[in-house]
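Right, one structure below, let's go through it.
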Amino acid sequence: MRPNIILHGGAGRWSHSKYADKAREAVMKCTEKGMNTLRNNGSAVDAVVEAVKCMEDSGYLNAGVGSVLDFMGGRSLDAGVMDGATGRIGAVASVTATRNPVVLARIVMEKTDHHIIGGKGADLLAFLNGLPPLPPPPPHVWERYQEAVRKLLEGKPEIYKRITCFLEDYGFIKKIIEKTLDVGDTVGAVAVDSHGRLAAAVSTGGVILKFPGRIGDSPIPGAGFYASEYTACSATGIGEKIMECMTCKYLDTMYRETKDLVAAAEKTLEYVNKAVGENTMGFIAIDKNGEIVWAYNTEAMLIGYYEGNNIKALIKPTRAH
Ligand code: ASP
């Protein structure tokens with residue numbers, strides 16, 4: 001069985017990013033790391049966790065060290081992992097204590113009886129397991145936050161003066177999401193190992209300027225990630241829309257119907273476009289035969305994969321593979 005892996009570094013408007021080259025370099029390096037794990041007999045779970053951890057550590061993607069800031073300038077991170085061979089799931093939400101939420105998600109999967117642990121409990125679990133702390137946001141993350149706030153407040157500065165605006169202006173959150181889906185540089189990976197076992201992982205800081213405590217699709221199995229004995233999938237984009245579509249579970253269902261990964265991806269994108277509209281999301285997937293696919297309805301999506309022995313890290317891949 002030929003092991004294979006594909007990574008994503010987020011779907012969105014990549015042309016707006018000042019750090020696209022650095023993000024692309026990070027995805028390239030982490031694709032290699034993930035593939036090396038598989039080549040050294042690591043499992044699919046080992047490979048996706050290694051690849052996602054590498055992207056969390058890069059500082060130039062919206063996960064781990066590079067996570068975007070919420071409305072109040074804080075951070076809360078989400079991540080998930082699923083082992084398709086056993087159906088085991090681990091996810092964490094609103095984590096603040098570690099730079100590697102994907103490692104914490106794996107701990108939930110392997111060392112607890114639960115599927116999702118959030119907030120203080122997740123932070124406690126990170127501490128008890130000695131995970132490395134989350135360092136302060138790098139300067140470019142602060143800059144991006146300030147720019148986003150400035151853009152949001154154009155013409156409506158009174159909003160920022162009163163936090164109660166969240167209660168008074170119900171369209172506000174929606175506006176934040178629409179105005180700020182510039183670069184959805186959340187990260188994810190899916191892999192199949194030499195035993196044909198599939199796994200999916202995802203990690204994110206969420207959407208920039210989110211309401212503190214908001215949880216997206218990334219820790220929700222079936223939405224931001226999913227793996228079975230047939231497929232593994234990781235999604236990125238507007239979490240609320242991804243949850244409405246249960247995108248990754250939908251793809252798996254389509255695969256079981258069509259037995260064709262490209263057809264399943266096309267059907268999933270068609271469904272998504274109809275259900276929640278364009279410019280909402282993208283996803284990567286792999287099947288038990290090692291075929292890979294990507295699809296997105298945003299301006300671009302950063303992906304990393306192998307073509308023969310060459311690593312490709314592309315920001316605007318042109319077609320479903
Ligand atoms: N899906 C992530 C979330 O909504 C964001 C992203 O993919 O960039 O939390």
- prompt: Taking the alpha-carbon centroid of each part, what is the distance from the stretch 240-303 to the stretch 111-154 in angstrom?
  reply: 27
message: Which residue, Ile292, Leu314, Phe225, has the largest displacement toward the positive end of the dipole of the chain when charges sit on each Cβ (Lys, Arg +1; Asp, Glu -1)?
response: Leu314
message: Quick check on my link table: of Lys111/Lys288; Lys120/Lys210; Lys288/Lys312; Lys18/Lys259; Lys151/Lys267; Lys18/Lys241, which ones sit more than 30 Å apart, alpha carbon to alpha carbon?
response: Lys18/Lys259; Lys151/Lys267
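Quick check for me: using +1 on Lys/Arg Cβ and -1 on Asp/Glu Cβ, what's the dipole size of the stretch 1-134 about its Cα centre, in debye to the nearest 20?
Taking the Cα centre of the stretch 1-134 as origin, the dipole is about 260 debye.
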statement: P(r) over all Cα-Cα pairs of the chain, 20 Å bins from 0 to the longest distance, whole percent per bin, short to long, reads 38, 57, 5
message: Using the crude model of +1 on Lys and Arg Cβ and -1 on Asp and Glu Cβ, and no other charge, please compute the dipole size for the chain relative to its Cα centre, in debye to 20.
response: 400
- request: Give the percent of DSSP beta bridges with both residues in the stretch 55-132 that are antiparallel, rounded to the nearest 5.
  value: 65
Bridge type composition, the chain - antiparallel percent by DSSP, nearest 5: 90
field: Largest-first principal axis extents of the Cα set of the stretch 181-253 (Å)
entry: 42, 21, 20
Charge-dipole axis of the chain as Lys and Arg at +1 and Asp and Glu at -1 on Cβ define it, positive-most pick from Tyr255, Gly66, Val92: Gly66
- prompt: Rounded to whole Å and sorted largest first, what semi-axes of the equivalent ellipsoid does the C-alpha gyration tensor of the stretch 38-163 yield via the square root of 5 times each eigenvalue?
  reply: 32, 16, 12
- prompt: In deg cm²/dmol, rounded to 500, what helix-only [θ] at 222 nm does the chain give when every DSSP H run of at least 4 residues adds -39500 (n - 2.57) and the total is split over its residues?
  reply: -11500 deg cm²/dmol
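Once Rh for the stretch 65-121 is found with the Kirkwood sum over Cα pairs, what is the Stokes-Einstein diffusion coefficient at 4 °C and 1.567 mPa s, in µm²/s?
111
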- line: Scoring only Lys, Arg, Asp and Glu (+1, +1, -1, -1) among other residues with Cβ under 12 Å from the Cβ of Val95 yields 0
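Each reported figure results from applying straightforward, stated rules to the coordinates on display, with no laboratory input. Everything quoted here is computed from the prediction, not taken from an experiment. Heads up, the Cβs are rebuilt from the backbone with ideal geometry, glycines too, and the neighbour counts pull from every protein chain shown.
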